Every structure is written in C-alpha cells, then in structure tokens.
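Below is one structure, written out as structure tokens; the observations come after it.
Coordinate-derived values only; no laboratory data. None of these values were measured; they are calculated from a predicted model. For neighbour counting, all protein chains shown are included, and Cβ atoms are generated from backbone atoms with ideal geometry for every residue, glycine included.
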Amino acid sequence: MAMTRAIVIGAGIAGLTTAVAMSRTGVHCEIVERRTCPAGGGGLQLSPDATSVLRRLGLGTVLRDATRPRTRELRRWQDNSVIARTGLGSREAPYCTMRRTTLVRALLAAVPGSVHFGRRCAGVIDHTGGVVARLDDGTALTADIVVGADGLHSSVAAQLGTVPIRYSGHSVYRAVIPAGRAGRLAPSGVVVWLGPGQHCVAYPIDDGGSINLVFTVPAAVPPSAVREVETASVLRAYDNWHPAVRGLIALADRFDHHGLFDRAPLPAWHRGRVVLVGDAAHPMLPFVAQGAAQAIEDAAALAGNLDDFARFEAGRRPRVERIAAAARDGAVEFHLPDGPAQRERDRRLAAGARPQVGALR
C-alpha cells in the first residue's frame, strides 16, 4: 500500500527516530505523546549499528558531540580487579554514550512533522480507507498507518494482543554526577562491577563532563513508581563493595529508583495498518544496554519496509529476541555468587571469550 501519512504514538527515541526515518522516504508524520514535554532521563549507550543509522539519517552532529568510550571493563565487586577489557567501536562506526535528553532533542529538531505533547491515544481504528487514532480529548487523526512507539505500557500494543508485563526481581538506582567531583574515580570508559546478586555500571557522558551511574539491587517487590531516594539507601545496598564503587555512590546527591520489567514476545508486531517498534514491540531488560539501539535499528528497518510490515518483523524479530534473551541471562551471569561458577565465568572472560552480556544502559 502507498504511504504518504503516518501517525506515530510516542515521542521517545523509538517514535522520534521512526518519524525521522519515514520522513526521509517522503512520509508526513504526526506524533502523539502523552507526556507534556520531551522525556528526560540519564545516560544511554549506542552501539555502532545504531550510530550508523543516526549518521545515515543526518544526525552526525549529535554523535560528534557525544562521548566515545574506547573500552568496556568488567571488574570484581570486592577488590576492583579487572576481569576483562573489550574495545568499543571505531572512528568509522563509533560506540557513543550521551544523555537521553540530548538525543531526544536532536531527534525533535530533525522531525519535519507535528508533535502533540500532553495528548493520549485512546484507541486505534483500522478500516479500508485508512487508520484513525482517537485521542483522549476527542480528536481523531487519520493516516495511512499508525506506528505504536509508546513503550512498555503501550496502548497500541494492547490492541494487537495481551501479554502480561513481568517483573525481573531487580530494581535499579540511577544518578548523574559531575565528573569534576570524582577525581581519580572518574571512568574513562564503560566500567561494570560484577558482584553477588547485583552489579553496577559507570561511564562518562556530556563529553566527559558528567558520569552516568546505574546500580541494581534484588527486590522481591518493585517500587510502585519512580521515586527519589537518598544516597544512604544505595550505600547500604552496596555495603562491603570496593571503595571505588562506594566512592562514586557517595558523590551523588540523590538517586532515582524504579523496578525493571519486560514481557514475553508478542505473537505479532503488526496488524493491518498498525505496527509496533521499540519497547512497544519488544521491551527488554537493560542488562545489555541495547534498548535505545534496538529502537533506532527498528526505525530504519521499518522505513525501508513500509509496504510490507511482515517483512519488517521477520527481519528484526530474530535479532531482537536474541538480545532480549541475553538481557534476561544477564540477571544470572552478572550476579553469580562468589564460588566455582563465578570463577569459571571470570576465567572465560579473561581468556577472551565473548561476554554473553553487555552493561546496563
């Protein structure tokens, strides 16, 4: 079917990148976002595949201003010894870290269509003449297709099939601190400390001016919502960890705390004139730092397959499901208790075996 107009539900990285990619093929996009302003958040990591997509879309400027860590180090929780070190990216295909807001703003500036903030999609009606997105204020938007890019709790995905969201058993603390406070503790690359039941990560953003911090903890019950917690709570959760870890925690004024969720694969990512991308299609735990990158890859793949959503899904689903499975495995691989299995994992990584998991985003 010919595509000239699209409605994108969600103005996060998935929705905005999809709108930019489709606009490059001549499709006019309107974007609907339930938040009243662009999404915030801390840092994120972008793999070379994702940065290559952004370059092709004309967003090379935001990548030039991003931080480009050269290595990822896996370290022991108690003595800070290096288990393994891996190179990241290249000049031609860089591995980048940046603030989420930096990328969102660059994408917003690149979107030629309209973005409606503070509007919620109440339902999508697909019929032979097109598809209608009804908003909560009674507005009806009509287009050739609707793209659901509205995240884990997607209202568009709910119309395609119901698969329960599942809690991972882990919650996470996040903060961004000025690098100037950290002194020798400031990491030059991505550093991941592995420990019994939990792990943490630190990496530079803002061209090295800030450090993104992420700390997991096991939790039988997730926080009911994102909330701020005092630094002392995180220090208690990381009692007996190496001073390098506890020193970084102590530099934060506060942390945001929330649960980690995903869900089993949906039966399909599309139906008729409606298609899903990003977390709406395939939410994944952050243990391989691939959520944003996979949303960006989705956007490019969808823009190249607007005439065949089944081909888009068939091309993307195997890769996405492998990465989502690796993310779930990370909850075990990163959190092995000290002992034989942990020592075997460390020997395997030290010998140069490819890690099964990456790092928190």
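How much length would be gained if the chain were fully extended between residue 165 and residue 321, taking 0.36 nm per residue of separation minus their Cα-Cα distance, in nm to one decimal?
54.6 nm
With a 10 Å radius around each residue's Cβ, average the other Cβ atoms per peptide and rank 59-67, 45-53, highest first.
45-53, 59-67
Work out the charge dipole of segment 262-337 with +1 on the Cβ of Lys and Arg and -1 on the Cβ of Asp and Glu about the Cα centre, then indicate which of 304, 274, 331 is farthest towards its positive end.
Sorting the options by dipole projection puts first 274.
Given points 7 Å out from each Cα along the Cα-Cβ axis, report the residue 225 to residue 239 separation in nanometres with one decimal.
Output for this residue pair reads 3.1 nm.
Can you tell me how segment 55-156 classifies by the Cα gyration tensor, rounded, prolate or oblate, using a/c under 1.5 as the rounded cut?
Because a/c hits 1.5 or more and a/b exceeds b/c, segment 55-156 counts as prolate.
Would you calculate the volume per residue, in Å³, of the smallest convex hull containing every Cα atom of segment 162-273?
With only Cα atoms used, segment 162-273 gives 150 Å³ per residue.
Determine the dipole magnitude for the chain: charges of +1 sit on the beta-carbon of Lys and Arg, -1 on that of Asp and Glu, nothing else is charged, the reference point is the Cα centre, and the result goes in debye to the nearest 20.
About 640 debye.
Quick check: from the Cα gyration tensor, does segment 104-173 come out rounded (a/c under 1.5), prolate or oblate?
Judged from the Cα gyration tensor, segment 104-173 comes out oblate (a/c at least 1.5, b/c at or above a/b).
I need the peptides 10-21, 230-241 ranked by packing, meaning the mean over residues of other C-beta atoms within 10 angstrom, with the highest value on top.
10-21, 230-241
Modelled label-to-label distance, residue 264 and residue 24, 7 Å Cα→beta-carbon offset: nm?
3.7 nm
Please label the shape of segment 2-87 as rounded, prolate or oblate, based on the square roots a ≥ b ≥ c of the eigenvalues of the alpha-carbon gyration tensor (a/c under 1.5 means rounded; beyond that, a/b larger than b/c means prolate, else oblate).
prolate
Take the alpha carbon atoms of segment 68-116, find their center, do the same for segment 136-203, and report the distance between the two centers in whole angstrom.
What the calculation gives is 14 Å, centre to centre.
Please report how far the C-alpha centroid of segment 220-242 lies from that of segment 20-62, rounded to the nearest whole angstrom.
32 Å
If each residue of separation counts as 0.36 nm, what is the full-extension length gain between residue 126 and residue 79 once their alpha-carbon separation is subtracted?
Difference between extended and current length: 11.1 nm.
For segment 203-361, what does the convex hull of the Cα positions come to per residue, in cubic angstrom?
Cα convex hull per residue, to the nearest whole number: 172 Å³.
What Kirkwood hydrodynamic radius, in Å, does the chain give when the mean of 1/r is taken over all pairs of distinct Cα atoms and then inverted?
By the Kirkwood definition, the hydrodynamic radius is 21.0 Å.
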